[in-house]
1. Go ahead and run the numbers for FRET between E:LEU24 and E:THR83, Cβ-Cβ distance against an R0 of 35 Å, rounding to 0.05.
2. Based on the alpha carbons, how large is the Rg to Rh ratio for segment E:55-250 when Rh follows Kirkwood?
3. Using a 7 Å offset from Cα along Cα-Cβ at C:ARG209, what residues in segment C:12-38 end up with backbone N under 19 Å from the label point?
4. So for the protein assembly as shown, taking the charge dipole from beta-carbon charges (+1 Lys/Arg, -1 Asp/Glu), which of A:PHE137, C:ALA195, C:LEU94 sits furthest toward the positive end?
5. Kindly express, to the nearest 10 degrees and within the range 0 to 90, the angle between helix A:104-114's C-alpha long axis and the longest C-alpha principal axis of chain A.
6. Just counting partner chain Cβ atoms within 10 Å, what average do the residues of peptide A:25-32 show around their Cβ?
7. Within 10 Å, count the other beta carbons around each residue, average over each peptide in B:193-205, A:188-200, D:241-253, and list them highest first.
8. Over chain B, what is the mean sequence separation of C-alpha contacts under 8 Å (at least six apart), divided by residue count, expressed as relative contact order in percent?
Amino acid sequence: MTAALRVAHPRPYAPDAEITIRGLRKTFAGSPVYEGFDLDVPKGAVVSVFGPNGCGKSTLINMVSGLMPHDGGQILFSGKTIAQTRLAYVFQNYREALFPWLRAIENIRYPLRLMGLPKHEQDRRIERLLATMEVRFDLSRYPYELSGGQQQTVSIMRALVVEPEVLFLDEPFSALDYEMTLAMRDRLQRVFMETGVTMMLVSHDLEEAIYMADRILLLTRRPTRIAAYLDFSAPRPRSAETLTDPAFVALKREALEIFQREVRA
Amino acid sequence: MTAALRVAHPRPYAPDAEITIRGLRKTFAGSPVYEGFDLDVPKGAVVSVFGPNGCGKSTLINMVSGLMPHDGGQILFSGKTIAQTRLAYVFQNYREALFPWLRAIENIRYPLRLMGLPKHEQDRRIERLLATMEVRFDLSRYPYELSGGQQQTVSIMRALVVEPEVLFLDEPFSALDYEMTLAMRDRLQRVFMETGVTMMLVSHDLEEAIYMADRILLLTRRPTRIAAYLDFSAPRPRSAETLTDPAFVALKREALEIFQREVRA
Amino acid sequence: RVGVFPVSSALPFFVARERGYFAAFDIETEEARLMGGPAVVGAMIGDQIDVAANLVTIEGMNANLLRSGVARFIAVNAQNATFQMEQFVGRKGLGASSLADLVGMGPLRAMSAPGPANIQAAKGVLEAVGLREGTDFTMTELAMNLHVDAMQAGTFDIGYTLEPNGTVMRDVGAAELIEAGVIATHLLGRPDAKAFAAGAAMTGAFVERNPDVAARFAAAWRLALADIAEDPTTRELLKGNTFTPSDVAMTMPMPEFLMADALTDQDRADYVALIRFAVDRGVLEQPIDPLDYLIELPEPAR
Amino acid sequence: MTARLARLGSALTPLAGVVVLLALWQLLHLSGAVDALLLPAPEAMMRALWNGFVTGPMAFDFLQTVWRTTLAFGIAAVIGIPTGIVLGASPQLYRSVEFVVDFFRSTPASAMFPLFLVLFGVGDEAKIYVASFGALLVILFNVAYGVMNARKTRILAARSMGASPARIMRDVIFWESLPQTFIGLRNGVSLALVIIIVAEMFIGSSDGLGHRLIEAQMLFRMPTMYAAIFAAGALGYGLNWLFALLERRVVHWGGR
Amino acid sequence: MTARLARLGSALTPLAGVVVLLALWQLLHLSGAVDALLLPAPEAMMRALWNGFVTGPMAFDFLQTVWRTTLAFGIAAVIGIPTGIVLGASPQLYRSVEFVVDFFRSTPASAMFPLFLVLFGVGDEAKIYVASFGALLVILFNVAYGVMNARKTRILAARSMGASPARIMRDVIFWESLPQTFIGLRNGVSLALVIIIVAEMFIGSSDGLGHRLIEAQMLFRMPTMYAAIFAAGALGYGLNWLFALLERRVVHWGGR
Ligand SMILES: Nc1ncnc2c1ncn2[C@@H]1O[C@H](COP(=O)(O)OP(=O)(O)OP(=O)(O)O)[C@@H](O)[C@H]1O
Ligand SMILES: Nc1ncnc2c1ncn2[C@@H]1O[C@H](COP(=O)(O)OP(=O)(O)OP(=O)(O)O)[C@@H](O)[C@H]1O
Ligand SMILES: [Mg+2]
Ligand SMILES: [Mg+2]
């Protein structure tokens, strides 16, 4: 990482941003994914990331969360280092991110153990989490005994249980059933309203992306640029009515147009 | 498998069924998923399977396609054995079903090699397939170099290239972007219209499930029963208009009601 | 601390221990079983043992070449046609009753006990009777524990082996004796010559450090040698202590155990001749006089 | 009923191996291809084994060998597993010690005996350490490669949760490489046993299966020799079986 | 620039191992903990090595050992890999031969010499076969466990496409277990080398590193003995390095 070599960049730093990205560069096998990419994620906002397959959404989140090295540019957290920030991440491949040697419930408990919480506090937090979600399956099973959607549910629960400051969600509802998806959306919204967590959510469901978001980040094909960075400021809690709200419908149409123009380009 | 021990079952065999399931029984760790489960999948029909997480959709497809043993009951293909039927399967965990030692294009070619087709015929088929889909990424990459959605795309292409008689799709669009999902739906519809393949499609998107289907199979929670087995006979090719068709909207409402009743039960 | 290579030539150690001679001279022994010469020599150089109950003289001289005085022999074992140790055997039905009979039988597949000393002795003997390597015989060295198997399996025509393997082979019918005491007869020139192939040795460091203990040890050793010469029941001690089958322990040939001061002038000349052979054959890198490393310790005052 | 039969059958499967081995032996013996003195009937071996264990010293030898092997293996495992994990977690680090590991893995223990004699004296220690050393290298090698070949997603998951490198090794890499670790342990325990026996044969010992074996060889007591080999091999199988059992208990997620 | 330096650095990393080994040796030597006759300076070993290779017979010995090892290993790999795959694909089948595999894996080759001597004589064949046998077992064991521990999804995928069991083994299981196979091959090639050297030491040979080694040991020529050991160890490292290189080429998907 040659951050030191970075050329001075015109764009100023936004003071209220939780995550500030400047001049980000990432290359795979010689061809660039990101080049001089800038982004601000406001503190306490939900940013939905919407873009075509392979444009680099997972790559972006991986770099921001410090799991993947970037080739150039800077990623800054508001005043803190990544290590000081309590973050949680729901991986796109939730199957491989769970620990098969731990039961589902222990998978959920694991980040709490990492935080060094005493046992009773761990139990308390888990119980609090369970109380707010209707989990219909046996959490004392091992991950490989669960269906895809159940695994994804466990994965989300593991992320929520730490009450993170920053939450990354990479297509977190892709395997959930109709009911569960709705429930999880609501649950996330409630978490957001209660704790003001900063969230980056990747979703291929435009309706969902807008419904959840304060800001919608539309990305182009590789090399990836920002096609648009839209605002959606409907009041929370949002509900089924929001979906039929004219502002919502208009924004959705606009986003779709931008997306289709960029994708077909 | 104690098929021989099966007690006589009242339900008659449907003569026009591609797949006939009678008295299916499957137990995991002592608790049943299926018990005395009957189902007919008509020849040349698309059956969408819709049901809550963990109800046994993947399990059902796995058993029908002969990949997982069942504990009792019969699964019959019209007059043929499974081995004689050319079937294709898009796995829910598409990531692990691709061969990482083969390039994407070779992954797609693999089933053709299995069929023993000569090289030029393989090439011809692959070209024909590629001509009908807009693949925007480099197929000479290895699977682990592809994004989630790209991997899923390869997975679907591998299934389509063999021009199967029976096609199983387990949440095949879960990782695809907006455009790609639409394109794939259309592509599948075209395949269906051209070849009259029998299809079983698992989807959590009710709209998609109905849009694609001749029949919609609604499943309950475990132990899994058929909540409803609805017909949808809108003419093909279907398009965006279909989604606003009153019959479609009514059916969707009905299915949703049934589903919610069963899931909340 | 005594290093013991558990073969028949270690008998004096067991006699001295079991019959209480060590105890009588107030010596406590700690037995370290070591398989083969290199291990014994290494332990002597490394000062891990004080005495080697049985050390091949050529290996001892080799050690002395590396560091003078590491191996000082208090006793040596003679072997010849009477005191049989090394010998040539032939496979069943070979029909040779002396080495001379082998002439013209070639090419013979020969095996030898392992190590350059043994190989050179074996080759030297065959060459002395007029056989040439390559045309009349080919020589393969083989670990001692495989000798009986190899002869029984008919892998070789003739073999240069040591006791008790020779006796075992004859007993199980794996091979027939051709000639024993071949070093004395063919290399030293007389059937009654004494080939001092092995002996009991002390490290120079030990002798210097504890001359008194060394002297008492030698005295105990002397009593044991005397017993062995006169009392065949000492051989009972071969059983269990050494790799000697109990059924042959009482009958198998043994070398003649001699204290260093019991060597006659002729014996000394034979000893020098043997070592010179080793030097000539390149087994020892430089000439060395073995007599310098015979040590005669005074009778301890009791 | 069928389930219980099946369970019984699968418990007996390993016995099939014994039977096959003895049957092949018996056939070879009967065929006369090999001199009967050199390859006695399995029955003669069995008798020697029985006598050796019941009236002879073999039971004691067996226990001595078991004890030495256990010690040697224990040392090797305790050092080898953590070292393997740490080295494997940093391929660059592993490459820098790879020469030493591969060097000594490819050097016969018998060649190293002189050095170990010098370093550790002529007692049991030398044998135990040389066996430990051999087993250690194999365990370390297997564990390190298990770690290097492990999937990276779970490590990333743990890191995203803020786990320290040490925690990641303990909580993730250790488990992730566990199947390979078991293979290493089984390779290691067999090697420890082999080296102990060879040491008992060639560094000199007054007990142990290796001593019994070389003595029988020297004395041309073939049934006893084969009995000692059989005891050693069966011991090796037994130790491996223990680990296989443990593995099946612990690595329940294997292949899933 | 930095990239090229880094590449150079990583190419030199293995040398670090050599340096570390020699430095430790030198230290041990200088410390005087071990008698200098028994553990000569590494420099003396190096000189013996150089002389042995340039003017002495060591180059020929080295090639002989390489040749025997290659043959033995080749036979073992050609038989071991397919057998391992077939056995591993059916755990029940594997259990039934497990006794034999674990038995002989835990039996020292030196103990089996009498039998192999009887079966194959004292020529090169005996050495090569006994080494083959040893390496075969290790390769088979590793491959079979690699297969058993492999993930099942891809096998199911191939089966759903109508692949026959034989095709599945060739097209999927083989690849799936390839990382483990390479570990097995590396264990196997080291073991083949070890057994060849031990055989050269103990069953009649007039050349080969093992012969050179035992001769030097008998003559107490320590520098030559260590030179032979060093040559053997370095050969072992070289063979392992070849496989590591091959593995990095072939198993590009490792850990992903
Ligand atoms: N290891 C790699 N080698 C080469 N290219 C890679 C590698 N990993 C990712 N890529 C490429 O980088 C691009 C971005 O991948 P990424 O997974 O971030 O996409 P994504 O936006 O998350 O897509 P999806 O919606 O399908 O999940 C893709 O085009 C992919 O082919
Ligand atoms: N190996 C196993 N052991 C125990 N239970 C299992 C095992 N495999 C699956 N199950 C259970 O079987 C049920 C059906 O699983 P299946 O994967 O078929 O669900 P699904 O309908 O495909 O769900 P999803 O929509 O989440 O993919 C689940 O409740 C799961 O917990
Ligand atoms: Mg992605
Ligand atoms: Mg499923």
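Read the figures in this text as sums done on the coordinates, not as results from a lab. Everything numeric here is computed off the predicted structure, so don't read it as measured data. Ideal geometry is used to build each Cβ from the backbone, glycine not excepted, and the neighbour counts take in all protein chains shown.
1. For R0 = 35 Å, the calculated efficiency reads 0.30.
2. When Rh is taken as the Kirkwood radius, the ratio is 1.06.
3. Answer for this model: C:26-34.
4. Positive-most Cα among the choices belongs to A:PHE137.
5. It works out to around 70 degrees.
6. The mean count of partner-chain Cβ atoms within 10 Å per residue comes to 1.
7. B:193-205, A:188-200, D:241-253
8. Once normalised by length, the contact order is 25 percent.
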